[in-house]
Each structure stands twice: as C-alpha cells, then as structure tokens.
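Read-outs: derived from the displayed coordinates by stated rules, not from any lab. Every value quoted in this text rests on a predicted model; they were computed, and no experiment measured them. FYI the Cβ positions are ideal-geometry reconstructions off the backbone, even for glycines, and counts take in every protein chain you see.
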Amino acid sequence: MGHFSDIDALDLDGVGPMTQPYPLINIMREDVELPCLDTDEVLAAAPASDERRFRVPPIIGLDD
Amino acid sequence: MSAIPSTASEIAAAVIAKRITARAVIDDYLSRIDARESEIHAFNLVMAQEARAQADAIDADIAAGRQVGPLAGVPIAIKDNMCTHGVETTCSSKILEGWKPPYDATVITRLRTAGAVIIGKTNMDEFAMGSSTENSAFGSTRNPCDISRVPGGSSGGSAAAVAAGFSPVSLGSDTGGSIRQPAALCGVVGVKPTYGVVSRYGLVAYASSLDQIGPFATTVADAALLTEVIGGHDPMDSTSIPLASPSLLPSVSQGVAGMRIGRVTDLPAGAEPAVEERLDRAFAALETAGATIVDITLPSLSYALTAYYLIAPAEASSNLARFDGVRFGLRVNAADTNSMYGATRAAGFGDEVKRRIMLGTYALSAGYYDAYYGKALKVRRLIAQDFERAYEQVDAILTPTSPVVAFKFGDKVDDPMSMYLCDIYTIPTNLAGHPAMSVPFGTGAHGLPVGIQVLAPALGEQAMFRVGGALEVAAGGAQ
Amino acid sequence: MSDSPLSSIVATEDQMLEGGWELIVGLEVHVELATRTKLFSGSPNRFGDEPNINIDPVTLGLPGALPVLNRQAVELAMRIGVALNCTIQPCIFHRKNYFYPDMPKAYQISQYDIPLNIDGFLELPSGTTIGVERAHLEEDTGKSTHVGGATGRIHGSDYSLIDFNRAGVPLVEIVSRPDIRTSEHAREYVSELRAILEVIGASDAKMEEGSMRVDANVSVHKPGTPFGTRCEIKNVNSIRALGRAIDYEARRQIDVLDTGGVIRQETRHWDDAEGRTHTLRVKEDADDYRYFPEPDLVPVAPDDAWVQAVRDNLPMLPAARRSALSALTGYDTRSEAIIVVVERAQHDYVQAVADAGGDAVRALIYVQQAFADAGPMPAVPAKDLAALTILERDGKLSATQAKTVLSELVENGGGDAAAIAAAKGFEAMDNSAVEAMVDEAIAADPDAWAKYCAGEEKAAGAIVGRVMKASKGKADGKVVSAIMQSRRGS
C-alpha cells in the first residue's frame, strides 16, 4: 500500500468523485417480461443440485 | 476460386459476391491454426466443428438469396471472457474451467447477425488481470513475432491470433490497456472504443467502470468495420450510451489535413529510446500529411497508475465475489458453505487475481474507503478534467502505446510494479472513458513491433480513425 | 436504522413501562413491490412457481450479467415516498458486499447514503406521528431451505437448497425513526402502513406471505438518560406477533438491566410458539459491507413532472379519509368509529349515504355497528340506509327501534325502512309520554332514584329498565336519560 502515497499528498477537497466515465442518468426499462433461461440447462451447470434447487453444504458462520 | 483474402472487408466482399465460399475461408484459416497453433497457443478452444457449420449456414443463406451481414463468412476469434452460449468460457481461470454459459454476450449476437464465423476462444491473463498473458491458468501465449517473448496482455491470445494469421480479426477487452498494449507488442491494430459505445452485457466483468470490448485487426479499416458492427446502444447494459452505432469507415481514409494533434510534454518518462524515436517519426508523418502538432500538458497523468490500481481491484474484488462455487464453475467441497467459499476460491484463482482481490477489498474497507477508493475516484476526475482542457486545443493526442517492445517470458512476472508500468500510457484513457487505438508503426529494439497510440475525446472515434488511418499509410501498412 | 439524530418523541405517563422505563422502538419494514418483473431484469416477479424458473443471467448473478432498472419499481417507490410525506431526491445505487448462498452476486444492489425517499412521516390513527427516515429500493435475495435439522433451521442441518425465483424481486425498505413508544403504536404503524401500501397499489403487503417483512429495533432507558443498546428482532410474521415480541423483549431487557446486567447489541429471533426471543447473532462490530457506488447503474433523478404525476394520481389515503369523515360527521379523527370504518374501506359508502340525504353521524354509527363483514361495497343501497337515518333523526324511531330495522336491512340487503318500521308497529313515543313513564319509574323505585341523585350513575339502570319495560322498548333511551338528568337537576 506504500505505493499509493503519491495521491495521499494531493488536496482533493474541492473535487467530486467520478464513478462513471460517461454521464448518463435515468436509464430504465419497461416492466415487461423477457424470456427466461432454461432451468435444466442452468441446473446442469450447477456443482450440485437437488429437487430443482442449488444444493450447498450447511450455511454456518455467515450473515443471516 | 480466388486466394483467400487476409482482411475482413475483403473476405466479406468476396463471400457476398460468391467469389469464394465461407467454408473455403474457414477451412483455410483452420489450416493455418493447425500449422502453428501448437507453437503459439493463442487459443483456449478452437471451434472447428461449430465454425464449419456456421460457415456452411452462411453459404446456404447466400445460395438461397437471403440477406447476409457485412461480415459474412469472416472468421473471428473471441477473447475467452465473453460469454458464448453453450461454448466454454473460462477467462483462462481454473474456477471457470469447463463452464458453458447459457447465454450469448451482446457482441456475440451482433457478430452472428453480421454473418461472422466464430473460430475460437482465445487465451488471456486470468480474469483480464495482467499485461503479458503469463497469468493464464492454461499456459502462456507466444508472440508470433518472436516466440521467446510475450504477446502482451491481457488479450494476448486475440492479438497473437491476428498477428499469426489465425484469424483476420478478433475481439479483446481493455480495462487498462489490454487491447492496445498487446496490439502494439504483436504489431497489429487494436481499438478501445469510448466507454459505453460497445455493450458489456456478457463480458465477464473485471472493473465495471473501465472495461470495454474492442477489435484487433491487421488494418485500420477492418478495425473500424468491426467497431461499427459491435458498437451502438444496447438496452441490456445501463452504461451503454443511447446512440446508434457510429459510422467510422469513411474516416479511415479522410486524412488529417487541418487536424490539431497533441504532444504530451509531461508524459511520464520511461519509454525505450527506439519507441520514443517511433513517436517522433509518427508526429513528423502527421505533420507532413497536413496536421498541426500542438504541445499540451496532462499534469494529473502521473497519478493515473495509482488511481487505476485502486479503482480496478476494488471493483474487481466485488465483481469476482460471485465465483463462490454455489451456482456454476469450480466447487471444492467442504463441511460448511463458508469453508467451501474459501477452499473453492483458493484453488480456483491464480496468484495475481488473489493479489488484486485482496488489494481491492482493502481499498473499500471501512475506515480506508475515503483514503483509497474514494480518493482514487477524485483523481480520476482530475485526469478527466486535464483531458477536457487539452481537447479544447487539440483533436487527438499521440503517445507511445507501450513504453517497451515485447519482453521475454519471465522478465516481469516477479516484479508486479514493473508489469503494471507496461500500461502507463494506456490507463489514463480507461479512467477518462475515452477511445484510443494502437497502430503498428515500424519496429524498435530487436526488430520488434512498436505501436503508436491515438487518443481522442469521448465519442471522438471519427477523429481517432482519421489519425489512425493516416499513420497506417505513413507506416506503409495500408494497401 | 442509521445513526441519525435520535428521536425527540417522549412517552406520556401512561405509555411508560413499569419501573419508570421508556420503550424505544424503530421499525424496518421490507415490502415486495407489485411489479410484473424483477428490479433489474425481465424475469417474472411471481410467488409460488416451481423453483428456479423465473431466472435469467442477472437473477443468477452469472458472469457478464448487467442490471437494468425497472421503471415501474421506481414509480411504486415514489408512490410510497409521496404517501409517507417524504422528500423525493435524485439518488444512486450502491453495492452491499457480503457472502451468502442466496445472494447470487455476493453483493446486493441497494441504496446507501443517497436513497430515493427521505425525511417523511406516518400519522397513526390514534394521533401520534412517527418519523420515517427513508424508504429506498433494493433487490431481494433467493430463498434457502435447510434440510436435515430438527426445526428446518440452519442449526443442525445437513445441507441447504436454494431457489432463486425470488432473487431480484424489487423491495422498498422503509425505516422509521425510533419514535415508537408502545407496542400498540408499533402494531398501529404496521397496520396503517399496510393499508397505505395496498391502497396505492405498491404492494399487497401480506406479512404471512412474506411480501411485507418487519424487523423491530427495541431498547429501553430511563428518561433523561441516553438511549439504551438496542436489539434487532427478526422473524415476526404477523402484527399480533409484533406486539408480543416487543412486549417480551422490553421485559427481557428491563429484567437484565434491573439485575445490574448489560444489554448486548445483537440480532434476536422471535419464536412465536415459545413466546420468546433467542440470540441469533451478536453484533460485536458493525458489519463491513464495503459499500461503494454501483458502477453498472446510473443515477436516477425523477423529474418534476413525474413526481407531480405521482402526487396527482395518488388515491385517497386512510389519513385523508379519516379527516374527510371527521369533517363530515364532526367526530374526531381518532374516534373508534372513524378508525374502524376507514380500516374497512367503508368511507366512500358512508359518504354515499350522506350524499343520498342521510344523516352523516347516524350513517357512521350504523356502518360501524352493523357492517363489520360487509366489505367496501355493502349490499344495502345507500339511499335505503339514508332513509333510516332520517327516521331516527326526526324522532320517528327510537335508537333501539332503528337498530332493529337496521338488522333487517342488512339481512335483506336493503329495503324500505319506513315500511319495515310500520310493519313492526314501531313508532317513537312523544316526549310527554316518556316523561310520565320516567316519573312513574322514579316513584316505583325511590332507593335507586336516591342513589342516582347522589351521583351514582350506575343506579340509573334500574329506572331506565322500568321505563323500557313499560314502553315495550318504544321509549328512546337517550330521551329517557335526558329527562332523568333534568329531574336530577344535573
């Protein structure tokens, strides 16, 4: 992290952050159904599945 | 039957005019791959069967008098981080080895509609993180100009495929220079369009606000044609600019008379002498062709590398979190889900990927966000403002693409900083979201290719292709 | 809840808990929006389908997938904002990063420090105003079922199964300020919120089905001291359970503090069968979600025209209906009659009776008393009910008689009130006849009268009973009471 010391020295108080390179706003889509994926194809690519669901080991130690 | 042409535009014209069949074209390119691929290793997957079937379908369409697209019969190689439905897409990572996406990236759909024939998926640095393609989990790709040297990265396979003649055109992705730098090192044309011109839907994300898909080609005109085909608004990508695909081919031969070309006088030093010499010759050539050279400064550029290596890993750490063994890809079994995550990612990710994920996680963490990621976003705006000021005085800017010519395998792998410096001239345009392209312009040390980078303002592709076209003529590269 | 300025609401005397404790409650309510498709992709937003069929690359978090915002979700979120008196502002999305198997991208797209709706409030029917800090958009997760354990919970399970149908469904998270001081108010808040959400078409808001989920943040303190450490209560699946859970948790915390203990900041699980909360997760440090602005989405800035359209098209809300009924009848908005009638969506009906010439007050009372199961469109035509109210108002029927006619109207789905009354031989007695009966009753029961005159209101019953018996129910109870009071001189 020492390599980042060069920007530490900069005074950036008056500068706004730039999260997006091209300024767009209000990009939205209409509430219309689009085709879904094929469940069989998707489950076939799953590491483990059971009863048409993705199967994972017991969920211990994670945020609920 | 005529000989198989070497450019996309010629192939399409010949196929549409029925001078050659798409099948003949694809067979020819497949045989070139057969001859030299074991030496180069440009591909993770050669799609011989699918390609022949696609070519046959194009021929059938033409025979039946049905409409075909502007790339009819043109073979194209695709960097292995773009989703191809039912065809392995691995990002050159063990964690996606064998994964077949259930959908096509938008660029793939557009290529197919245009009649292009996908010939294979190309090798890359794992998850697009690297500048030499040495970070691939499936072995390196060799530079066709000198097989003891790297092709550059991360789109090394796509660059090498075109340089070796395995495909007239290919697609790569560019986040910090990953199209332009390998293009320079392999002696081909590479284009990164304006951020938002080409849809990212289906491109496996590395850094979302920096990634763009773009073409490799042997000619500037082919690169322009490809950009036209894949570019334009896509409703599946919220960051896609709501404009139709730009018209770019006419610009290629328009010349640079009356244009103002910027020379950056405070560019970070470090380019090899031969590279500097090539840049000087490029400026001279453009001046001869009627352009005016204007000295400009971009003072914030010296911070670009730092900003990039905070923003890109930060976004990547979040984008790569989905590789958790739950729904697709590699899973290393464990007693509980948390352990499964750890084991899967430890086994599935290479060292450079792990390094950048850790760095990115740190840059976003509570207490450090403002000092690192937050600050980097502000530096980004400074850089964009520098460019804005510069483009009031000039229409395009020239820099070297890469400070060095192709280096030998192993030269930089143990020194990440030295590897990161390969992108010093390319990174600023990703941060600003501007278009840039690399045009081969002679050779440097050891007779290896040198690329000159043309930068233009956002949506300035036409200016960029004008300059690129002129450079190509000056270099003696165009027909 | 955020760390924004704490509440300025102070509990009243009768709201305080035993021992001088003040209860502080804030509610976080997640509602599923009633859109056709998901928040960021076009697969259906549908409950109850076969597992993993409403899926697309975005829903599954597949490599290369990108979110695109659903305009209707923004519309509905804005309706919620307007209905809750919020400021609607230009906003952005953030990524909230954490690992969980039902979170396909390992981050949730939500809103962090610049949400769509801020600084609103909700007026409870009983009159208290509860601040609404924010109401923001976010995507829902998939659903996990745990197999092998005893209770179907994670603890002791052999494995878990994930269904992503629900992943990506649009949610609005409504966060109240910690202004709630009683469990009754908490229930009222949720009930009123539910009614609003339904009326504006934003959500069907059914706790039992999971389309509205309520988490309660509960703490206690002694007034004049800083707010206590709060605990978050989850798994509250009905309004009734909410009340019970808050009551239990408040008592639990008071017991701990009374015996010199310390409240740990934690998330607790409400067990409705056992009637208690258990520790789910201790929150030692705030979780680090590494929030950063979502680079795949662009800012949303609804223009003035859109906001105004939402305002203009918003249907009448329960609070406005209570005000309207208050203006119509003169009753207080907090009166039980008005609260109940609006809750049942019968305000329009009462207004219709008034429009048909009926007496508004009587209409309100009749509807409150006799139309509990009638729904918003009672079968009894408004003009029929109006006619009955007039008969009673004009003194042609006593209150008791009117009630009988009312029952018959309800049973028959309408009718001619005057004719029904006549058929039953109903007619009101005139006042002088009633006066005479009252005097006779007083004379017949001097003890009761003496007690009544001494101030024992209950003693009136004996006198009234005699009068009603003698008049065969024809005397109007109110008239009798009035006569008795004037005889007593009070």
Could you give the distance between the Cα centres of region B:295-356 and region B:102-142, to the whole Å?
19 Å
Let me have the 222 nm mean residue ellipticity of chain A computed from DSSP H runs of 4+ only, each contributing -39500 (n - 2.57), with the sum over all residues rounded to the nearest 500.
-3000 deg cm²/dmol
Per-residue counts of other Cβ atoms within 10 Å, averaged by peptide: what ranking do you get for C:436-444, B:448-456, B:275-283, C:70-78, highest first?
B:448-456, C:70-78, B:275-283, C:436-444
Please label the shape of region B:397-479 as rounded, prolate or oblate, based on the square roots a ≥ b ≥ c of the eigenvalues of the alpha-carbon gyration tensor (a/c under 1.5 means rounded; beyond that, a/b larger than b/c means prolate, else oblate).
oblate
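Given a Förster radius of 35 Å and the C-beta distance between A:His3 and B:Val294 as r, what FRET efficiency does 1/(1 + (r/R0)^6) yield to the nearest 0.05?
Given R0 = 35 Å and the Cβ-Cβ separation, E is 0.60.
Could you list the GluC sites (Glu not before Pro) in region B:358-467 that lie in coil according to DSSP, counting only those with at most 14 other Cβ atoms within 10 Å of their Cβ?
Listed in order of number, the matching sites are B:Glu392.
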Using mean Cβ contacts within 10 Å as the protection proxy, how do B:10-19, C:190-199 order, highest first?
C:190-199, B:10-19
At R0 = 22 Å, FRET efficiency that the Cβ-Cβ distance of C:Gln308 and A:Leu24 yields, to 0.05:
0.40
With +1 on each Lys and Arg Cβ and -1 on each Asp and Glu Cβ, how big is the dipole of region C:13-312 about its Cα centre, in debye rounded to the nearest 20?
380 debye
Given the rule -39500 (n - 2.57) for each run of at least 4 DSSP H residues, summed and divided by the residues of chain B, what is its mean residue ellipticity at 222 nm, to the nearest 500 deg cm²/dmol?
-11500 deg cm²/dmol
Output field shielding_mean for B:231-241 (other chain Cβ, 10 Å radius) holds 5
What is the log10 of I(q)/I(0) for region B:39-107, computed with the Debye formula using one identical point scatterer on each Cα and no solvent, at q = 0.29 Å⁻¹?
-1.32
Square roots of 5 times each gyration tensor eigenvalue, C-alpha, region C:13-312, largest first, Å:
32, 25, 17
Which residue, A:Ala46, A:Val32, A:Pro17, has the largest displacement toward the positive end of the dipole of chain A when charges sit on each Cβ (Lys, Arg +1; Asp, Glu -1)?
A:Ala46
In Å, what Kirkwood hydrodynamic radius results for region B:159-250 from the alpha-carbon pair distances?
13.2 Å
Put +1 on the Cβ of every Lys and Arg and -1 on every Asp and Glu Cβ in chain B; which of B:Ala334, B:Ser31, B:Thr219 then has its Cα farthest towards the positive end of the dipole?
B:Ala334
Where only C-alpha atoms are counted, convex hull volume of region B:285-371 per residue in Å³
167 Å³
Long-range tail of P(r) for chain B (Cα pairs > 38 Å, %)
18 percent
Student exercise, chain B dipole from Lys, Arg, Asp, Glu Cβ charges, in Debye to nearest 20
540 debye
Convex hull volume of the protein assembly as shown per residue (C-alpha atoms, cubic angstrom)
214 Å³
What is the magnitude of the charge dipole of region B:389-477 about its Cα centre, with +1 placed on the Cβ of each Lys and Arg, -1 on the Cβ of each Asp and Glu, and no other charges, expressed in debye to the nearest 20?
100 debye
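Give the Rg/Rh ratio for region C:318-423, taking Rg as the radius of gyration of the Cα atoms and Rh as the Kirkwood radius, to two decimals.
0.95
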Treat each spin label as a single point 7 Å out from the Cα along the C-beta direction, and report the C:Arg240 to B:Asp34 distance in nm.
7.8 nm
Taking region B:8-252 as the region of interest, what is the percent of Cα-Cα pairs per 10 angstrom bin, listed from the shortest bin to the one with the maximum distance?
9, 36, 39, 15, 1
Taking each residue of B:313-321 in turn, how many C-beta atoms of other protein chains fall within 10 Å of its C-beta, and what is the average?
4
Dipole axis of region C:301-354 (+1 Lys, Arg; -1 Asp, Glu on Cβ), positive-most option in C:Ala309, C:Ala327, C:Ala337
C:Ala337
Per-residue average of Cβ from other chains inside 10 Å of A:7-13
5
